[in-house]
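Accompanying notes for the structure given below.
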Amino acid sequence: MSIATVFEIVLAAVVLGLGIWTIVVRETFSATVGFVAYGLLVALIWVRLDAVDVALTEAAIGGGLGGVLLLGAAARLRDADVMAAETPGKVVRASAAALSVLTTAALAGAVLLLPDPAPTLAPAAVANAWATGLSNSVTNVLMAFRAMDTMLEKVVLLLAIIGVWSLAPDSAWGGRPGPRHQADPDGVLAFLARLLPPVGIVVGIYILWTGADHPGGAFQGGAILASMWLLTIIAGLADTPPVSRRWLRFILVAGPCLFLVVGLVGLLFGAAFLSYPPALAKPLILGIEVAMILTIAATLGLLLAGAPERSAKP
Amino acid sequence: MSLVRDMITIAAVSAGAFFFLAGTVGLLRFPDTLTRLHALTKADNLGLGLVVLGLLPQAGGLRDGLKLVSIWLLGLLAGATVSQLIARAARHGESTR
Amino acid sequence: MTEFLTAAVGFVLAMLALGLVSILRGPGDADRMMATQLIGTGGIAALLLLGTVADVPAAIDVALTLALLATFASIAFVKKGLPRFEADGTASTEGE
Amino acid sequence: MSGTTVFGLCAAAAVGLGLYGLITNPQPLRKIIAFNLLGSGVFLLFGVVGRRGAAAGLGNDPVPQALVITGVVVAFSATALAIALLLRLFKAAGSATLSSAPMRADPDPSGD
Amino acid sequence: MLPPATVPDAVTTSCGFLLVLSIAVPVAGVLLAFVLGDRWVRLVAFTIIPIVLAIVAATVLVLPQSKGPLVYLLGAWTPPLGVALRADGLSAVMLAATAVVISAVSVFAVADFRPTAAEPRAPFAFWILLLAIWGALNTIFVGGDLFTLYVALELLTFAAVPLVSLDGRPETLQAALRYLLFALLGSVLYLLGAALLYGRYGTLDIVLLSSRIGAEPASLVAAALMTSGLLAKTALFPLHLWLPPAHAGAPAAASAILSGLVVKGSFFIIVRLWFQVMPGLLGFAATQLLAALGAAAIVFGSVLALRQERLKLLIAYSTLAQIGYLFLMFPLALDASGYLESGEALAGGLLQAASHATAKAAMFMAAGSIYAGLGHDRITGLHGVARVLPLSVLAFAVAGIALMGVQPSGASLAKDLLLQVATETGQWWWAVVLQAGGIFTAAYVVLVLAHALASSDKSVTLIGPASRPRDIAALILALCSLLLGLVPWEPFLPVPYDSTSSLFGPGTLFKLLLPVLGGVVLAILLSPWPHPLASSARWKVATRVLDPFRRISLAFGSLVERGNSVLCEWPAASISLLVLALLFGALMLVAT
């Protein structure tokens, strides 16, 4: 057994240990913290699997935004912790454990018996990269070969926003999401909220820009921008915008809109829906990505902010 | 030349690993929140700094080097501010435990 | 060199795991909130070493993202984790 | 035993853990966390599949990677929606539980 | 390495662009309505709906002319690297049924979700989500790639969940949360299966997979996981914990969409999976299990429907039973060599899906009108409602008659097809279940109608004005379902014989009388509520004869109810999900 394998086993053990902690620990808050740690460490596995694009996504979502989302809920539901004493009985737990183990075993068997050499589309993706002029194959798959999925996924994000907003009380409809945070303007938090966002914005844009040829892209960049936006909100330096604002609505659909328009232009004048003329492919894709990073940042930020709670009028 | 680089890397990374060890021992041994926080932020940030220092000779170019340093700076910034916030939280939150 | 760095990753990872065990056990929420801090240092160190071992230069970008977001998560931890306490004189007026 | 095997087994175990948590944890928030764990196991499986398909100078097949990124976005939106629902339920009902209250009392069985 | 892909249909056919438009136009509507906001959403919806209707009509008209399915390669990339859209006869049937139902529901909802109403939130969400559901369903019907189908499935769930909790009451919020969590569990299992399939075969394209797939560990595990995940989303018994509260709690127009259309999305993916991707894997035992679950769903759903106090819950439980009916086609479609044949059984199943979509939506719409008129929907309080809301009751009656399989309804044609195959393959037990399903359906329809048509001592006062356009929309939809059997299905589905010839024969009368009479008996025996004729003298005589039977049946009914409340607990339902997954895996392993 090589030292690399030992390392991999250690990594897998740490990650799984955190997973177990997350499931079995009694207190919800501890479970949430455990899951955030899990999410951050899974990024290590993704790097080890040489899937850096996913590692970036997992770091941004699994650990960062997802963690904050879960943690906020855990904090608000803290009092509900005591009430839910309806833990299922031993029989249920034992059968659930047995069935989960069986499922895992079946899955593990199927994984171990996967063919060698494995089927792959990597050569096809590389061979067709000329059509876009981008050398990051993952971006090519997302933006060209399987662009339809990406576009629909952006609509999923939009529907999530609509779903969250539809939970607003009628009196707060069109108002601002989340509580208003106030902070001491000279405090540590405000200091950090002034210092970090400029750095974060640079990093976010860098991740977007580098995504053309290296790991990165609009989603990962957007997640960083969203967290910087939220930081200024948490520190009380900014407030969430009222959801009825037209400009906000426009930002929230800019990405999928541009995607759809480019797609339809391709349908009318080009080779097919969502096909790019090779000469224009790179600028078009980058243009869509720029629109998308704004949309994603706004969407993720608002998803974390929650349903409108305060009427737009003070 | 590459030997010198590797020597620097080995030395700095080993020192970094030692500080991580020290930080963890502190976490395990220290009795209360504030001292553990102390162990965590001081020792681990030093460990990270040494690892970054050790990896600088292996970095591909100026850009990677800059990124490495800024990662460390971010870690320091977070350590300095967040540990202060947590410390206050811990002191005020003792009753809510 | 690769062996040395791999061993170093493993070691840092093991320290990280031990630290996490100690932190997550508590006793208070403030202790648990150190978890992201710990990952923000130990996890990033492991990631950087790993990136060098596996020759994945882009791992630095992941580490950069992680550093930014671990900071952000820590702050959200403090703000949201202890709602009854107003950290740093900040208050959140719940709009309910 | 290669790295992909280790992580493949890790993915399967994460799926099992997530399933167990999703079944047995009574609080909805814990179910949501378990769902995320389950999802991350599924994504890891995609990652392992992609790693096995490393070719043409790429360390990981880009197609599964792209699928994972799409999947992560979808799972995150799902989490956000579920938490928004949960918080709203908590606010409206004062409790956050999924257990069904008895639908109605047993009706009078006589027909006349 | 796999050989380079040779897909038989790796070119875009002419008119394939219609498929893109059927997805892109509703999506454009969603985006536009979201930006323009409160006052414009309804206008946008009513601009988009006719356009999509025209696109679907064009697709349905063009399809018979083209040889084979319509194909569109997105971005001009061929699978496996790219994604294809394909429309065959099955897609066309479901596209058309969806278009009809959505149009009718939108007419029905015009008044309910007026943007000028005091509450701007609900209309905003409703109209956008309606368009989103349409786009998602169209994607499911024409998607040619398993991952695209996954995204579409999630799109569908994300659009459906907020509809459930549109009124913000705690019960509906809880129903929505249950629905969301269980649906997420289902879709993550589906995704897990997709990961295994990609790992084994290097593609997720339906046509490519069907040519590569074989009975191997990866494909068996994948098939078991995907099937059970989709069953959870379809709410097949015993995975139905989320359905009744979700469908009964939503506003009427939303219930019509949820019950009529949304569950058909995951059902359609099951059909695609089994009939196209892996027709050889399911095997005898697994198909029998699927249909047995269907049969159990019919019994549970119908018995529970008869015991409901509220009309909307009755209809919701009826959906549970009807979903079970859809799964009876699987064992019947199995040919001698263990292959699922895309023949008459499949045609019957799809027809049943289409007629249920129309009839169930009409029923919910009628129930919504009755609720709006009376201010309640207690079944025992419906006496005399036929006099004040004749059109609503008529729409309910027509939809109910269509659903129980009276000539010339689509359900009747479907039943004929399935019965015929059952006779041919010698599976008489499914023929019994099919007939019983019709009788059960008749039972709860008769029950409601008996109460609605009974005269009332008091005069019934309406709290809201009856809305004629609403009732007419429901009635038209119900008539659609009743006349589906007359549609020429031949270009789309393998429906071999001309059903119109037997429209007025003695068989028709038998087909009408058997379910109705059986239904009357069942309704008397199984419904615990006071009978509308309870005060008449004749009833007293009947009571004396029937009473012992009735007591036994009612005891059976309450037993079913108790069993159901156990199954509807979260741990029980999710454990059954895993049991089913493992069972399917084991049965398929044995079969191959």
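Annotations
- Residue ranges A:126-132, C:32-38, E:310-316 sort as C:32-38, E:310-316, A:126-132 when ordered by packing (mean number of other C-beta atoms within 10 Å per residue, highest first).
- Using only Cα coordinates, the Kirkwood hydrodynamic radius of chain E works out to 24.1 Å.
- Here chain E is assigned +1 on the Cβ of each Lys and Arg and -1 on the Cβ of each Asp and Glu. Its dipole about the Cα centre then comes out at about 1360 debye.
- Label positions at B:Val69 and A:Asp239, each projected 7 Å from the Cα along the C-beta direction, are separated by 4.2 nm.
- Restricted to Cα atoms, the stretch E:150-294 shows a radius of gyration and a Dmax of 16.1, 50 angstrom.
- Burial order of peptide ranges E:156-162, E:302-308, E:428-434 (average beta-carbon count within 10 Å, highest first): E:156-162, E:302-308, E:428-434
- Per-residue extension of 0.36 nm, minus the Cα-Cα distance of E:Ser337 and E:Leu61, leaves a gain of 95.9 nm for this segment.
- Measuring against 24 Å, Cα to Cα, the residue pairs A:Lys282/B:Lys67; A:Lys90/D:Lys31; D:Lys31/E:Lys233 contain A:Lys282/B:Lys67 as the ones spanning a longer distance.
- Mean ellipticity per residue at 222 nm, deg cm²/dmol - from DSSP H runs of n ≥ 4 across chain A, formula -39500 (n - 2.57): -21500 deg cm²/dmol
- Estimated FRET transfer efficiency when R0 is 30 angstrom, pair A:Ser135-E:Ser211 (beta carbons, to 0.05): 0.40
- Nonlocal amide H pairs with D:Leu58, under 5 Å, H built at 1.01 Å: none
- Couplings 3J(HN,Hα) for the stretch A:114-131, derived from phi with the Karplus relation 6.51 cos²θ - 1.76 cosθ + 1.60 (θ = phi - 60°), are 5, x, 10, x, 6, x, 8, 10, 4, x, 5, 5, 5, 5, 9, 5, 4, 5 Hz, where x marks Gly and Pro.
- Ranked by the mean number of other Cβ atoms within 10 Å of their residues, highest first, the peptides E:232-238, B:45-51, C:72-78, E:273-279 come out as C:72-78, E:232-238, B:45-51, E:273-279.
- The mean of 1/r over all distinct Cα pairs in the stretch D:3-93, once inverted, gives the Kirkwood hydrodynamic radius of 14.3 Å.
- The lysines whose alpha-carbon is closer than 28 Å to the alpha-carbon of E:Lys540, local same-chain residues fewer than 8 away aside, are E:Lys458.
- Based on DSSP H segments of at least four residues, each scored -39500 (n - 2.57), chain E has a per-residue ellipticity at 222 nm of -23500 deg cm²/dmol.
- Inverse of mean 1/r across different Cα pairs in chain A, Kirkwood, Å: 22.3 Å
- Under 16 Å from the E:Ser14 label point (7 Å along Cα→beta-carbon), backbone N, the stretch E:73-91: none
- In this structure, the amide hydrogen of E:Ile213, modeled 1.01 Å from its nitrogen in the peptide plane, lies closer than 5 angstrom to no residue at least 5 positions away or on a different chain.
- Net charge contributed by nearby residues that have their C-beta within less than 12 Å of E:Leu346 (K/R +1, D/E -1): -3
- Hydrodynamic analysis of the stretch B:2-96 uses the Kirkwood radius over alpha carbon pairs. Inserted into Stokes-Einstein at 4 °C and 1.567 mPa s, it gives a translational diffusion coefficient of 89 µm²/s.
- Less than 5 angstrom separates the built amide H of A:Glu309 from those of A:Arg176, A:Gly178, all sequence-distant by 5 or more or on a different chain.
- Think of it as helices only: each DSSP H run of n ≥ 4 in chain B is worth -39500 (n - 2.57), and spread over all residues that comes to -30500 deg cm²/dmol at 222 nm.
- Taking one quarter of the surface of the convex hull spanned by the alpha-carbon atoms of the protein assembly as shown gives a direction-averaged projected area of 44.1 nm².
- Between the stretch E:10-26 and the stretch C:1-70, the alpha-carbon center distance in angstrom: 49 Å
- In Hz, Karplus ³J(HN,Hα) per residue of the stretch E:38-53 (6.51, -1.76, 1.60; θ = phi - 60°; x = Gly, Pro): 2, 6, 9, 4, 5, 4, 4, 4, 6, 7, 6, 4, x, 5, 5, 4
- Electrostatic bookkeeping for A:Tyr276 treats Lys and Arg as +1 and Asp and Glu as -1; over the other residues with beta carbon under 15 Å from its beta carbon, the sum is +1.
- Whichever lysines have a C-alpha closer than 18 Å to that of D:Lys91, once near sequence neighbours (fewer than 8 apart) are set aside: C:Lys80
- Debye equation applied to the C-alpha atoms of the stretch C:2-81, log10 I(q)/I(0) at 0.12, 0.19 Å⁻¹: -0.38, -0.81
Values quoted throughout were computed directly from the atomic coordinates according to the rules given, and no laboratory measurement underlies them. Bear in mind the structure is a predicted one, so any value in this text is a computation, not a measurement. Virtual Cβ from ideal backbone geometry, glycine too; neighbours counted across all protein chains shown.
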